[in-house]
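Right, one structure below, let's go through it.
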Amino acid sequence: MPSKAKGKQATPAQQQAAKRGRPSRVSVAPGRVPFARDDDDMTETGDGQGGEDWMQPKTLVKPDDQLDLSETELKEEYTRILTANNPHAPQNIVRFSFKERCFKQTSSVDQLAIHFALDGNMLHKDSDEARRQLAKMGVGEAISEQTISEAGEEKKEEAEEEKEGAEEAGDKREEETTTPAPTGGQKLTNQFNFSERASQTYNNPYRERGTATEPPPRATFSSNATQWEIYDAYVEDLERQEKSKEKKQAMLKKDEEKTKKKLTAVETQGDDISRIARAAKIMERMVNQNTFDDIAQDFKYWEDVSDDFRDQEGTLLPLWKFSYEKAKRLAVTALCWNPKYIDLFAVGHGSYDFMKQSQGMLCCYSLKNPSFPEYIYPVDSGIMCLDIHPEHPYLCAVGFYDGSVGVYSVVEKNVKPLYRSTAKTGKHTDPVWQVAWQKDDLDNNLNFFSVASDGRVVSWTLVKNELIHTDIITLNMDGAPEEGPDGTQIVTLGSGTCFDFHKQTDYLFLVGTEEGKIHKCSKAYSSQFLDTFDAHHMAVYKVQWNTFHPKIFISCSADWSVKIWDSSFTKGPMFTFDLGSSVGDVAWAPYSSTVFAAVTADGKVFVYDLNINKYEPICEQAVVQKKKTKLTHIAFNPTHPIVVVGDDRGHVTSVKLSPNLRKVPKEKKGVDTQKGPEVEIAKMDKLLALVREPPQNK
C-alpha cells in the first residue's frame, strides 16, 4: 500500500499547472483506484478493490511555492505575435549623410536572412531556353505526343516480356525505350536529361594565313673616285645652293607682290571689305575672350593665397602663349611693350646663329587676341633689336642682322619700312644689337641711336624720306695702335653689344662690349670715355639704368653672372649674383627700385628683391617645357603685374607675378605711408650703405 507522503508529492502535470497559475486537481472515478508507485522500484501499481485512501473523489494538491492569483488575473490573456523580423538584425544603425553633413539613424533595416543560395547553370529540357538552344544546334525539332504515347506502350510490352524471363532482349529494349527515336530519324534525348550551357558552345576553327613577298631587286655598282669627279660634285652642289637662294628671293618677291595686290584690292574694294573689317576684328577678339576665359579671369583676379605661408618666396603663373606659324623656327631677338597701349607689345624674330641666317619678322601682339598677331611685317634679314617711340607709339625702330636700321609705321598699310639705311647712307657693317629712341633734335626731327659689332654708336635722324647718320663715338680698344703691313696705324675696335641712356641726363649713356667691358659715355665727347668698368669675363648682353635711382645700373653677361653697379664707384660691383647658366637678358621692375628679373639659357626665370633678400632669388621657376629651349629676352609690363618672356623657338610666354614678388610695405597705424621715387631712392641708398666700404680717415 503506497504511503500518504508519496501521495502528497506533486506530479509533473501539477507542477506545470502551478506554473500556469492554476491549481491542479486530480479526479478519480468511483470504483477505480489510480496507479501508484512502489517505494522500492518506483513502478506504478494498481488494484481495482484495495486502497481506501485513494477512494476520495477529489484531492487538491498545491505546492508550497505556488503563486496565489485572483480570478481576474487568471482570466487575463497574454497574446504573442509572430513577425517576420530578423531577431539578429540591428535596430539602431547610424550612418553619415553627405547631403546633410551629419550622422543620422537609418529608418529601414534589411530583415531578409538568406540561409542557402545556389546558382546553377543547368536547364530543364522542356523549358523555353532549352528548346531555343536545341533549335540553334539543329536538334530542337518538336516531339509529337504520338511518339511519346507509342514509347509508353512499348514500355508496357517490354515490361511483360521481361517478366517472362527474356533478360537480354529486355535490356536491349530498355535502352531503346529510354531514348525513343524521333520521327526524323534523330535520337530523342531523355526528358530528365540536363545539359550544361558550356558544353553546347563550339570552339572557333583555327585558320592560317600566310603571305609571301618578292625579294627586293639587287644590283652591283662600282665606281672610282677621282679628283675631277669630286670637283664636279662640289660645283654641282654650289649651283644647287645658288638656285635655292634664287628660289627664296623669288618667293619673297612673290609674297611682296601678293601683299601689294591685297592692299590694292582692299583700297579698290573698300566699300565692301572696310565696312566689316572693324566688326570682324571685334568679333575675333570676342571669340578669343570666350576661348581663353579662364586665363583672362586669372590675369584679372588671381592672387596666390599660398604666398601667405611662404614668408618671402613667390611664384609665376603662366598665362597666354603667343606664337606665329611662320615665325616658329626663328628665335625671339627683341621684346618691347607699347608705352601708350599697355596691352600691345612688339616681338622681333631672327637668329643668333651665323650659319642659320634667313629671313626675319616683326610681329605685334595684343593681350586681347592671343591667337594671332595684330600686325605682321616680313623682312629679308633677321631682326636683332627694336624700340617703340614713347610719344609716337605707332613708330618702331628696328635693327637688322645685315647692319641696316629701319623705321616701321603701324598706321601705314605698306609692308616695307618707311625708312631704311643702306651702304650709301652709312649703315653698319656688322649686326645691330640695340636701338633706342631719343628726344627730338633742335629742328624737331625724330632721331634714334644704334650700336653694332663694328664698334660704332650712330645717331639716325629722320629727315623727309631719308635717314641721316652721325657717328657719336667709336669703341676703341685699350692699348697702342698696331702697325699694318704698309706701315699704317691700325686701331683695334671693340664690338658693341648693348647700350642704355640715362633716365634723367639725356647726354649720358652706357655701352656694353663683347670683351666684357662697360663704357660710360657722353654725346658731347666723341673721342674718349668718361669711365670704363671691367665688368665681365665674357660678352655683356644687357646694361640698364635703374628706373628710380640715378646712379645705379645693372648688367648681365654670358659668364653666368648679374651685377649691380654704382656709376660713381668703378672699383667693383655692389652686388654679384651667379645664376648657373648664360644670362640672356635682365630688366628692372617698373614698380620698385630693388626688384629685377633675369632669364637664363636653361629655361629659368629669376626674380630678385634686394630689400627682402640680398643673396638669393625670391622666385626661381622654369617657364618652358622643353629642356633644350633657351630663354632670350624678358620685359615687364609698365602697368599690369605681368612679364613676357621670349625663347629661341619663336614663342612668347606671359606670366603673372604673385603678391610676394610685388610686395608693398605694410601701412602702420596712424602713420601715412610715403610713396614716390624719393621713397624708392631712399630704399636703394639704405641697401648701398650696407655694402659700401666706410670712408678711411686720413
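I want to confirm something. Restricting to the range 377-407 and keeping residues that are outside any strand (DSSP E or B) and closer than 16 Å to Leu344 by Cα, which single residue is least open to solvent (accessible area, probe 1.4 Å)? Here the answer is His389. Taken over the range 306-338, the criterion of being assigned to a loop (DSSP other than H, G, I, E, B) and farther than 28 Å from Pro617 by Cβ is satisfied by Tyr324, Lys328, Arg329, Leu330, Asn338. For the range 568-596, filtered to residues that are under 21 Å from Asn637 (Cβ atoms) and out of contact with any Ser or Thr (no Cβ under 8 Å at 6 or more places or on another chain), the residue that is most open to solvent (accessible area, probe 1.4 Å) is Tyr591.
For Gln289, indicate whether it is part of a loop (DSSP other than H, G, I, E, B) and either more than 30 Å from Gly360 (Cβ to Cβ) or within 25 Å of the chain's Cα centre (by Cα) (or both). Judged against the criteria, Gln289 is not a match. Specify the residue that is nearest to Tyr375 (Cα to Cα); the eligible residues are those in the range 244-284 that are among the charged types (D, E, K, R), modelled with pLDDT of 80 or more and open to solvent by 100 Å² or more (accessible area, probe 1.4 Å). The residue in question is Glu257.
Identify the residue in the range 605-621 that is modelled with pLDDT of 90 or more and among the aliphatic types (A, V, I, L, M) and, among all such residues, is surrounded by the fewest Cβ atoms within 10 Å (Cβ to Cβ). It comes out as Val605. The criterion of at least 2 residues that are at pLDDT 55 or above and either more than 60 Å from the chain's Cα centre (by Cα) or not aliphatic (A, V, I, L, M) (or both) is met, among strands (runs of 3 or more DSSP E) falling completely within the range 11-122, by 58-61, 94-97, 102-105.
Which residue out of Leu344, Leu330 is more than 19 Å from Leu462 (Cβ to Cβ), crowded, with 22+ Cβ neighbours inside 10 Å and touching a residue at least 12 places away in the same chain (Cβ under 8 Å)?
Working: Leu344 fails: crowded, with 22+ Cβ neighbours inside 10 Å.
After applying the criteria, what remains is Leu330.
So, in the range 480-509, of the ones that are under 15 Å from Ala539 (Cα atoms) and not in a strand (DSSP E or B), which residue ends up modelled with the highest pLDDT? Going through the qualifying residues, I end up with Ser495.
Residues to consider are Asp471, Asp441; find the one that is among the charged types (D, E, K, R), at pLDDT 85 or above and farther than 22 Å from Thr570 by Cβ.
On the way: Asp441 fails: at pLDDT 85 or above.
Result: Asp471 is the single residue among Asp471, Asp441 that is among the charged types (D, E, K, R), at pLDDT 85 or above and farther than 22 Å from Thr570 by Cβ.
Output the qualifying pairs, or none if there are none: Cβ atoms under 8 angstrom, residues six or more apart or on different chains, first residue in the range 223-245 and under 27 Å from Lys356 (Cβ atoms) and part of a helix (DSSP H, G or I), second residue open to solvent by less than 100 Å² (accessible area, probe 1.4 Å) and aliphatic (A, V, I, L, M). From the range 223-245, no pairs qualify.
Every residue, every condition in (1) part of a loop (DSSP other than H, G, I, E, B); (2) over 20 Å from Trp337 (Cα atoms), yes or no:
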| site | (1), (2) |
| --- | --- |
| Thr547 | yes, no |
| Lys571 | yes, yes |
| Thr576 | no, yes |
| Gly584 | no, no |
| Ser593 | yes, no |
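Within the range 358-373, the only residue that satisfies the criterion of being more than 17 Å from Lys328 (Cβ to Cβ) and surrounded by fewer than 18 Cβ atoms within 10 Å (Cβ to Cβ) is Lys368.
In this structure, is Ser561 out of contact with any Cys (no Cβ under 6 Å at 6 or more places or on another chain), of a type in the set (Ser, Thr, Tyr) and modelled with pLDDT of 90 or more? The answer is yes for Ser561.
Residues that are basic (Lys, Arg), touching a strand residue (DSSP E or B) at 6+ places or on another chain (Cβ under 7 Å) and open to solvent by 10 Å² or more (accessible area, probe 1.4 Å): does the range 597-604 have at least one? Don't jump to the end; show me each part of the working.
Step one: filter the range 597-604 for residues basic (Lys, Arg), giving 604.
Okay, now just the ones that are also touching a strand residue (DSSP E or B) at 6+ places or on another chain (Cβ under 7 Å), so 604.
Next, only the ones that are open to solvent by 10 Å² or more (accessible area, probe 1.4 Å) stay: 604.
Yes: the range 597-604 contains one or more residues that are basic (Lys, Arg), touching a strand residue (DSSP E or B) at 6+ places or on another chain (Cβ under 7 Å) and open to solvent by 10 Å² or more (accessible area, probe 1.4 Å).
Taken together, Asp443, Asp430 contain a single residue that is within 26 Å of Leu493 (Cβ to Cβ) and of a type in the set (D, E, K, R), which is Asp430. Within the range 510-531, is there a residue that is assigned to a strand (DSSP E or B), over 16 Å from Ile473 (Cα atoms), within 43 Å of the chain's Cα centre (by Cα) and without any contact (Cβ under 8 Å) to a residue 60 or more places away in the chain? The answer is no; no qualifying residue exists.
The values are calculated or read from the model by the stated rules, or taken from the named source; none is laboratory data. All of these numbers come straight from a predicted model, not from anything done at the bench. Please note: Cβ atoms are built from the backbone with ideal geometry, for glycine as well, and neighbour counts cover all protein chains shown. Each accessible area value is taken on the protein alone, full model and side chains, heavy atoms only, with ligands, DNA and RNA left out. Shrake-Rupley method; radii C 1.70, N 1.55, O 1.52, S 1.80 Å.
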